[in-house]
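Structure first, then comments.
Read the figures in this text as sums done on the coordinates, not as results from a lab. Every value quoted in this text rests on a predicted model; they were computed, and no experiment measured them. Cβ placement follows ideal geometry from the backbone for every residue including glycine, while neighbour counts extend to all protein chains displayed.
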Amino acid sequence: MSEDLYLEQLKLGPMENFVYIIGSKSTREVALIDPAWEIDRLLQHLKQEDLKLSSILVTHYHPDHIGGGMMGQSIPGIAEIMAIEPVKIYVNKYEAEGVKKVTGVSDSDLQLVDSGDHLQIGENDIEFLHTPGHTPGSQCFSVNKNLVSGDTLFINGCGRVDLPGSDSEQMYHSLQHLCSLPDDTILYPGHHYSEEESATLAETKKQNVYLRVSDIDSWRQIMG
Ligand SMILES: [Zn+2]
């Protein structure tokens, strides 16, 4: 891990979501990744740690990650943060409509990004990786051999591909893409679905059956 990289994982809400704080130890600027559920507590925590919110990064538009209406309840998320501390929301260009629809944020709140785009915070270079499959504009964030993977890749599985907007074959290609990252990359998933809270990509490849499928025909058979 780079000397300047601040990376903190917090588990919030009844669906075991992981929210991440990522940024610079020296400048104290940070981004919140997928902030939802306990917004007051998150902002309070930033204050306590003397961190300044400079951006919000969104892996995908599902309300358990960014807030909004879901199954008859309203989950606090990015809209509530924007009302208190407005910052740019970095979202993949294919996910913008979903994010606006679910949270009510506007075009001017969003910074649309594409795969290969970068965001610099202090000495840290965060790369955006477009990983469609779970949703059309799902993205992961790669910084200095750390990968925040949202609902694309879990330590023991991958995101659902039977939801509206999901695409099983795109998921296959996205997982192949993530597998090409260095084996000592540390995976930080979007939910606490396995015993560990993070794992190296090498460990993940060993225990995750979805990463052992080596061609698209086998993938189609397995996924039905
Ligand atoms: Zn999701």
Amide H contacts under 5 Å for residue 57, restricted to residues at least 5 apart in sequence or on another chain and with H modeled in the peptide plane, are 32, 33, 34, 90
Karplus-derived 3J(HN,Hα), 6.51/-1.76/1.60, for each residue of the range 162-172, Hz, glycine and proline x:
10, 9, x, x, 6, 8, 4, 5, 4, 4, 3
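Out of every Cα pair in the chain, what percent are spaced more than 31 Å from each other?
15
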Cα centroid distance between the range 153-179 and the range 56-91, in Å?
22
Between residue 47 and residue 169, with labels modelled 7 Å along Cα→Cβ, what's the label distance in nm to one decimal, could you check?
5.2
What order, most packed first, do the peptides 126-133, 31-38 have when packing is the mean number of other Cβ atoms within 10 Å of each residue?
31-38, 126-133
State, to one decimal in nm, how far the label point of residue 73 lies from the label point of residue 156, with both points 7 Å from Cα in the Cβ direction.
2.3
In a Gaussian network model over the chain where Cα atoms closer than 10 Å are linked, find which of 28, 160, 41 has the largest mean-square fluctuation.
41
Partners for residue 100 among aspartates and glutamates (Cα-Cα distance below 12 Å; same-chain residues under 8 apart left out):
109
Summed residue charge, Cβ within 14 Å of residue 22's Cβ, Lys/Arg positive, Asp/Glu negative
-4
Straight-distance crosslink candidates among lysines, where the alpha carbon sits under 18 Å from residue 101 and sequence neighbours closer than 8 are dropped:
88, 93
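Please report, in debye to the nearest 20, how large the charge dipole of the range 5-223 is about its Cα centre when each Lys and Arg carries +1 at its beta carbon and each Asp and Glu carries -1 there. Could the numbers behind the result be given before it?
Working: 16 positive and 32 negative charges, 17 e Å.
That gives a dipole near 80 debye.
Counting only DSSP beta bridges with both residues in the chain, tell me the antiparallel percent, nearest 5.
65
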Would you please give the residues with an amide H less than 5 Å from that of residue 146, counting only those at least 5 places away or on a separate chain, with H modeled from the backbone geometry?
186
Which of 30, 148, 105 fluctuates most in a GNM of the chain (C-alpha springs under 10 Å)? That residue is 105
Net charge around residue 143, counting only other residues with Cβ within less than 11 Å of its Cβ (Lys, Arg = +1; Asp, Glu = -1)?
-3
Charge sum, other residues only, whose C-beta stays under 14 Å from residue 42's C-beta, Lys/Arg counted +1 and Asp/Glu -1
-3
